[in-house]
Structure formats: structure tokens, C-alpha cells
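The values are calculated or read from the model by the stated rules, or taken from the named source; none is laboratory data. Quick caveat: nothing in here was measured; it's all calculated off a predicted structure. Here the Cβ positions follow ideal geometry from the backbone for every residue, glycine too, while neighbour counts run over all protein chains shown. Heavy atoms of the whole protein, side chains included, go into the accessibility calculation; ligands, DNA and RNA do not. Shrake-Rupley method; radii C 1.70, N 1.55, O 1.52, S 1.80 Å.
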Amino acid sequence: MSSKSKPKPKNKRSFQAPKGMRDILPEDQIYWEKVEQTIKNLADAYDFKRINTPILEDTELFVKGTGIYTDIIEKEMYSLRTKGGDKLSLRPEFTPAIIRAYLENGLSSLPHPVKLYSIGPIFRYERPQKGRYRQSYQANFEVIGEKDPVLDAQLIQLCFSINKGLGLKNLITQINSIGCSQCRPIYRKILTSFYRNKKKELCSNCQRRFQQNPLRLLDCKEAKCIQIAEQAPQIIDHLCEDCHNHFRGVLEYLDELEIPYILNSHLVRGLDYYTKTVFEIWPDDAEGRQISLAGGGRYDKLIKLLGGQDMPAVGFAIGLDRTINRMKEKKVKVFSRSRPLIFLAQLGDLGKKKSLKLFEELRKAGLRTASSFGRNTITTQLKIANRLKVRFALILGQKEALDKTIIIKDMISGSQEVVPLEKIIDKLKKKTRTKI
Ligand code: HAM
């Protein structure tokens, strides 16, 4: 339901989640658990180690790392000043934070490559729409200390493996190279001179980008800017030998892995640190066009920029919200955890006390049991048991508590049996093994 259509109770202030942020309700947790589990298994298989960093970081880290002329820094950061006067920001992405943690915690002295991954929320003050939230979630992977193009290709493979593990097919890699500090300035000049006499035809955003970040002119979504960008010179025609060979290497490895890709000369990515390879993973069908499920690339200069050694790196992040939206659109089947087979109903003070203890024993014995300790009538409790579709209801009332017995009710046949309390676990283990 959109926030506009939510009925507002009269005379009462109703609180809502902040714009662009949302609750992930119990019924959706099954998708999130599946996604996290798949990612954890594959991260293990590809030998990534998990790292958690704070949600808040020094604002300067992102200004320097993500880049001062990016949309993220210009208009999308949630920033605050602490009582102590520190300027902090909610992380708009993981990469600079992970590099900070790698440098701060001495991970740079480990054997390289150092392979790290994180799962968690990011915050960007963007215009909310379907698939774009102000609080969204990413799984982020970084490989630090390897310049070989084989790693760029293997990360794309990992991204495809995750999607495959989640039942998502028909994806395509959009890929480009944006060169390095040798060849990009030359291309930048060529691009600026192409755009110089077209400046007036550009949207207001692009008129600003023309000065500060001309490569971003290529990926503007405004129709008039797209038209002009179609004619623009392409960076792959202006790569230096090293970047050219690197890019060719990545594509050859992708061919070997049979990963589908499209050379997209307009893909420049909205973050400043990239060098050489940049890529995004898009659904390869009409509805999915231009929705990036994941994005990443190589960033060989960021570690030095943030105070470390000259160290190459490559990484990507997969957007979990968009991935789950797509799983739902594609009706991917996700199975829920096993539901309880037993319901424990109690009656009277003594029955409730004994049931509380029995619940713990059942749990320790691995028998998933539902209960409703706050309800005091048997009828209500058995109604709940019916709704939960359990196979057996246990009834422990005052009489049973005194006799040290318990009733087992078969919820399908309706038959009942009185059992000594001390035998209940063995009895249930046998019954749940044979009857279900
Ligand atoms: P990014 O392309 O900004 O890259 O984000 C990666 C993915 O996160 C996107 O493809 C998208 O699926 C998801 N995403 C981003 N913003 C939102 C949003 N507002 N709402 C929903 N989903 C969103 C990065 O963040 C880089 N740090 C990736 C990287 C890692 N590059 C190198 N290492």
C-alpha cells in the first residue's frame, strides 16, 4: 500500500516509516533468509571472509572514496553531526568502508588477495520508486590485491552463481572499460570537445556534469541526452595498451565461462573510483531493461587514495531488494522452514506451570512446538492449533498435572490418548517419525 493510500486514524498521530524506507514483514523473511543463505554458501565456496563495518562512517571517507562529484555525495548522503562535533554519514555504499577497515585493522599484512564480503543496509536519499529505496540492502564483495583480469571475470561469474542459486535466469552483463589515469584524461578531452557545441541541448544536470564529470554525460536517462550520447566517441577506441589488453582478457574469460555480455559504451557507473572494467547485471527481458540488479568494477587507485599502498582491487555489490522483487515477479518458489507439528495446550495454574517447563524439554529434544500460553480456554487453544495445521495437540490440565500425565490428541483422526508425562518425548518422537 502506498503511504498516500494509508487511512489516517482520526485525532491520533499515526507514525509511518520514513519515506523510501520500509518494514520487511514476517511473510517476506523467507525470501531474505533464502538470499542470505545462498550468498553465505557461495561466499564460502569462493573463499570470501565476512566483514561487518559500522553503518555510520566519517563523512570525509565517502567524499574522498565515492567521489565529490558523484550524485551520491552531491545530494544523496544522510549526514549528521554528533554531539562531540564529528561529521558522520550513513553508508551510501560499502566499498570505501571496507577499504577503511582493511587498512585500519592491518588486513593489508595478510597474504593477498584479501577477499571480503558484507551484507547489510545502505542509505541513499534518492527519489523513491519501485526498486529504488532510501534504505536498501546489498551483498558486497571485494577482492583486494590482484590486478589480473581473471578476477574481474570470476566476480561476474560469482554474481551469476548467486542469481542461479536464487532461481533467476535470463540475465546479461553490461560491460565497459573506462580506462585508467593514462588514457582517460585523453578521452575526457575528446569527449568534452564533442559535447562543447551541444552543451545548450543538454538537460540541466548534464550541463553541470559537463564541467565536473563529463563521462557521466554518457549515461544520462533524459531522452535528448541519450540521443546526443549515441553519437559520442567511445572510450574503448581510446584505451591505452594496458587497459585494452586487460579488457580483452576479461571478455575472453567471460567467453570461456559462457557468461552472456553486451559491450555498453555508455556504462560509466556513478562512482568515481573505478578504473578499467565496469559492469552491471541486468535482466535480459523487456520488463527488466535498465534495472541494475548488481554493479561493480575494478578500482586500482582507491586504496592508495585512502592512505594505503598502491594496491589493485575489484568488486561488486548485488542489490538484494531488487533481487527479491525479481524472485517474486518470476514466481520463484521458496520453501519455508518446517512448521511446528505439535501444539501444547494448557489449563489451570498448575497445568500452565508444568507446560512452561515441558515446552523447554520439547524444544531441547528438537520437537518444534507451538503454544499460546496467554490463552486460558482449551477451545481457543485448540482453534489456534487447528489454524496452525499441527498434527498433534498436547493437553496438560490441572488433573493431568497432578497425575503426572498428558493427553495427546491426533488432530486428523480426533483420537486421544493419555500418556505418562515422562514418556511424552519418546512417544512424540516415534509418532512424528512414523505418522507424518
Ligand atoms: P551500485 O551500482 O551503486 O554499486 O549498487 C549496486 C547495486 O545496489 C545496484 O545494482 C542496485 O541493485 C542496488 N542499489 C543501489 N542503490 C539502490 C537503491 N537506492 N535502492 C535499491 N537498490 C539499490 C555500489 O554500491 C558499489 N559499491 C559496488 C562495488 C563494490 N564496486 C566495487 N566494489
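Table for the structure above
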quantity	calculated
Above-threshold pairs, the threshold being 29 Å between Cα atoms, out of LYS130/LYS224; LYS354/LYS383; LYS19/LYS221; LYS34/LYS364; LYS83/LYS221; LYS169/LYS199	LYS83/LYS221; LYS169/LYS199
Distance (nanometres) between label positions extended 7 Å along Cα→Cβ at VAL418 and ASN376	2.5 nm
Reachable aspartates and glutamates, given that their alpha-carbon falls under 12 Å from the alpha-carbon of LYS409 and they are not under 8 places away in the same chain	GLU417
Distance (nanometres) between label positions extended 7 Å along Cα→Cβ at GLN135 and LEU356	3.4 nm
Accessible-area composition of segment 342-434, carbon plus sulfur, in percent [1.4 Å probe]	53 percent
ILE68/SER338 FRET efficiency (R0 56 Å; Cβ-Cβ; nearest 0.05)	0.60
Relative packing of peptides 165-174, 114-123 - highest average C-beta neighbours within 10 Å first	114-123, 165-174
Label-point gap, in nm, between CYS203 and GLN16 - each point 7 angstrom along Cα→Cβ	2.5 nm
Burial order of peptide ranges 177-188, 148-159 (average beta-carbon count within 10 Å, highest first)	148-159, 177-188
Segment 342-434, relative contact order in percent, only Cα pairs under 8 angstrom and at least six apart counted	29 percent
Stretch gain in nm, segment LYS430-ARG248, where the contour uses 0.36 nm per residue and the Cα spacing is subtracted	59.3 nm
Selection from LEU347, ASN386, LEU396 lying farthest towards where the dipole of segment 339-406 points positive, charges on Cβ	ASN386
log₁₀ of I(q)/I(0) at q = 0.06, 0.12 Å⁻¹ - the chain, Debye sum with one point per alpha carbon	-0.38, -1.02
Set of aspartates and glutamates with alpha-carbon distance to LYS147 below 12 Å, sequence-local pairs under 8 removed	ASP242, ASP300, ASP310
Average accessible area per residue (Å²) across segment 22-179 - probe 1.4 Å, nucleic acids and ligands excluded	46 Å²
Packing-based order for 307-317, 372-382, 74-84, using average beta carbon neighbours within 10 Å, highest first	307-317, 372-382, 74-84
